[in-house]
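Engineer: Sharing a structure, written as structure tokens. Questions coming.
Bear in mind these aren't lab numbers, they're just calculated from the coordinates by the rules spelled out. What you are looking at is a predicted structure, and each value in this text was computed from that prediction instead of being measured. Glycine also receives a Cβ, built like all others from the backbone with ideal geometry; neighbour counts cover every protein chain displayed.
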Amino acid sequence: MPTAVVCRELGPPEALRLESFERKPLAAGEVRVAVHAAGINFPDVLMCAGEYQLKPELPFIPGVEAAGDVIEIADGVAGVALGDRVIAKLRFGGYADEVVVVAQQLTPMPRNFDYAEAATFLAGHGTAYHGLVVRAQIQPGEVLLVHGAGGGVGLAAVELGKVLGAIVIAAASSEEKLAAARAKGADHGVLYGAEPFRDAVKRLTGGRGADVVFDPVGGEVFEQSLRCINWGARVLVVGFTGGIGMARTNLVLMKGASVLGVRAGESVRRNPALGEKRIKALLELAEQGKIRPHVSHRVPLAQWADGMRLLIERRAIGRVALMTR
């Protein structure tokens, strides 16, 4: 029988349980995927704690992305073949050794990726793409400040920003994380605590400030970012791992800045064409070897709590994958 990590009560990762479940027959249009790896994302942690905007009915299986092989196809499915190596895009359900989806939820794996890389690709790089390309419309030569640059989505933003021609300033909490950001192309590294990052950004830009801020941290980082931006800057609100920020709106006004929310998944649900364009662009860059997730930890499915703790305690660099095979 297949197994999955199940959330039956809201709480910390340790409250989840590994359970077996009955395999159900496929309905018309559905595909069964044998999962090799599932990506761990911070929204998984928040969803299990009841602190995310999406609140699935209990019980549910967390996990918004997985990668594996197609092992069964129902009637009415076109464009998918048995044995295809695919990425499954989910709202939840990925922490399992198999998933059932409709064909529209599947994307071919980049040929040069392994399963862990594929399972940690679209959420992080998709968010970075939506933020930098769609929302900020970043231009070559602009200065991009990336907070939490050693994390999964932050490191993706560093890598993609450099591919798009930006001058990238990576801000992170350790030298090890800054080294990973530099390996992904960051032009400058700023260590939190070594000096106020707003002073570092002004120094590195000759007083000009950042044109685009990519902020998955929030909290005090958000307000201080408003103090080191250029005229007309775009500040991307990507997440709030450091708390909910309280902005001083006069700082936005004085710089003619824009504060833009980044919800990559919701944008696609409202406008599917955006998702098709995003995935096409990301797959092309991946196949060309220009972008690739950095997976710092590969954890067995049965050790899901350890994997989730790596994110909670900021010990991961880049991405963490749960391995089922």
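Engineer: In percent, what relative contact order does the chain have, based on Cα pairs under 8 Å that are 6 or more apart in sequence?
Structural biologist: Numbers: 755 pairs, mean separation 57.3, N = 325.
Dividing the mean separation by the residue count of the chain yields 18 percent.
Engineer: Still on this structure: So, by mean Cβ neighbours within 10 angstrom, what's the order for 260-269, 221-230 with the highest one leading? The partial results should precede the final answer.
Structural biologist: Numbers: 260-269: 16.8, 221-230: 21.8.
Answer by packing, highest mean first, reads 221-230, 260-269.
Engineer: Using Cα pairs closer than 8 Å and at least 6 residues apart in sequence, work out the relative contact order for region 124-265, in percent. Numbers along the way, then the final one.
Structural biologist: Details: 322 pairs, mean separation 32.6, N = 142.
Dividing the mean separation by the residue count of region 124-265 yields 23 percent.
Engineer: Under 16 Å from the Cα of Lys184, which aspartates and glutamates turn up, not counting those fewer than eight places away in the same chain?
Structural biologist: Of all the aspartates and glutamates, those that pass the test against Lys184 - Cα under 16 Å, at least 8 places apart if same chain - are Glu117, Glu159, Glu175, Glu176.
Engineer: Excluding residues fewer than 8 places away in the same chain, name every one of the lysines whose C-alpha is closer than 18 Å to that of Lys89.
Structural biologist: Straight-distance partners of Lys89: Lys55, Lys277, Lys280.
Engineer: Hey, another quick one. Report ³J(HN,Hα) in whole Hz for each residue of region 91-101, in order, from the Karplus equation J = 6.51 cos²θ - 1.76 cosθ + 1.60 where θ = phi - 60°; Gly and Pro get x.
Structural biologist: With the stated coefficients, region 91-101 comes to 8, 6, x, x, 7, 7, 8, 7, 9, 10, 9 Hz.
Engineer: Give, in whole angstrom and from largest to smallest, the semi-axes √(5λ) of the equivalent ellipsoid of region 124-265, with λ running over the eigenvalues of the Cα gyration tensor.
Structural biologist: Details: eigenvalues 70, 56, 46 Å².
Working from the Cα gyration tensor, I get semi-axes of 19, 17, 15 Å.
Engineer: Would you mind ranking Phe240, Phe21 by Cβ crowding within 10 Å, fewest neighbours first?
Structural biologist: On the way: Phe240 18, Phe21 13.
If I rank by nearby Cβ atoms, fewest first, I get Phe21, Phe240.
Engineer: Excluding residues fewer than 8 places away in the same chain, name every one of the aspartates and glutamates whose C-alpha is closer than 16 Å to that of Lys202.
Structural biologist: Partners found: Glu142, Asp187, Asp211, Glu223.
Engineer: How big is the gap, in Å, between the Cα center of region 298-325 and the Cα center of region 54-100?
Structural biologist: Here the answer is 19 Å between Cα centres.
Engineer: Let me ask you something else. What is the fewest-to-most order of Met47, Met1, Met323 by other Cβ atoms lying within 10 Å of their Cβ?
Structural biologist: Numbers: Met47 23, Met1 8, Met323 20.
Taking fewest neighbouring Cβ atoms as first place, the list is Met1, Met323, Met47.
Engineer: In a shell of Cβ-Cβ distance under 12 Å around Gly207, excluding Gly207 itself, what net charge do Lys and Arg (+1) and Asp and Glu (-1) give? Kindly include the intermediate steps, with their values, before the conclusion.
Structural biologist: Numbers: positive: Arg198, Lys202, Arg203, Arg208; negative: Asp199.
Every neighbour counted, the sum reads +3.
Engineer: Here's something else I'd like to know. Which net charge results when you count Lys and Arg as +1 and Asp and Glu as -1 among the other residues whose beta-carbon is under 14 Å from that of Val31?
Structural biologist: Numbers: positive: Arg23, Lys24, Arg32, Arg85, Lys89; negative: Glu30, Asp69, Glu72, Asp75, Asp84, Glu98.
Net charge around Val31: -1.
Engineer: Apply the Karplus parameterisation 6.51 cos²θ - 1.76 cosθ + 1.60, with θ equal to phi minus 60°, to every residue of region 68-81 and state each ³J(HN,Hα) to the nearest whole Hz, in sequence, with x for glycine and proline.
Structural biologist: Values per residue, Gly and Pro as x: x, 10, 6, 10, 7, 10, 7, 5, x, 9, 10, x, 10, 10 Hz.
Engineer: Roughly how compact is region 180-235, stated as its Cα Rg over 2.2 N^0.38 Å to two decimals?
Structural biologist: With N residues counted in region 180-235, Rg over 2.2 N^0.38 Å equals 1.10.
Engineer: Between Met254 and Ser20, what length comes free when the chain is fully extended (0.36 nm per residue of separation minus the Cα-Cα distance, one decimal in nm)?
Structural biologist: Working: separation 234, 0.36 × 234 = 84.24 nm, distance 5.71 nm.
Stretched fully, the Met254-Ser20 segment lengthens by 78.5 nm.
Engineer: While we're on this one: With a Förster radius of 30 Å, plug the Cβ-Cβ distance of Arg203 and Ala247 into 1/(1 + (r/R0)^6) and report the FRET value to the nearest 0.05. Walk me through the intermediate numbers first.
Structural biologist: On the way: r = 24 Å, r/R0 = 0.79.
Result of the calculation: an efficiency of 0.80.
Engineer: Please work out whether region 1-129 counts as rounded, prolate or oblate from its C-alpha gyration tensor, where a ≥ b ≥ c are the square roots of the eigenvalues and a/c under 1.5 means rounded, while otherwise a/b larger than b/c means prolate and anything else oblate? Walk me through the intermediate numbers first.
Structural biologist: Details: a/c = 1.90, a/b = 1.32, b/c = 1.44.
Here region 1-129 falls in the oblate category.
Engineer: Bin by bin, in steps of 10 Å, what percent of the Cα pairs in the chain do you find, going until the bin that has the longest distance?
Structural biologist: 6, 27, 34, 22, 9, 2, 0
Engineer: Using only Cα atoms and rounding to the nearest 10 degrees, what angle (0 to 90) does helix 152-163 make with the longest principal axis of the chain?
Structural biologist: Compared with the principal axis, the helix lies near 60 degrees.
Engineer: Taking the Cβ of Ala15 as the centre, find all other residues whose Cβ is under 15 Å away and add up their charges (Lys, Arg: +1; Asp, Glu: -1). Write out the running numbers ahead of the final one.
Structural biologist: Working: positive: Arg8, Arg17, Arg309; negative: Glu9, Glu14, Glu19, Asp44, Glu51, Asp306.
Residues near Ala15 contribute -3 overall.
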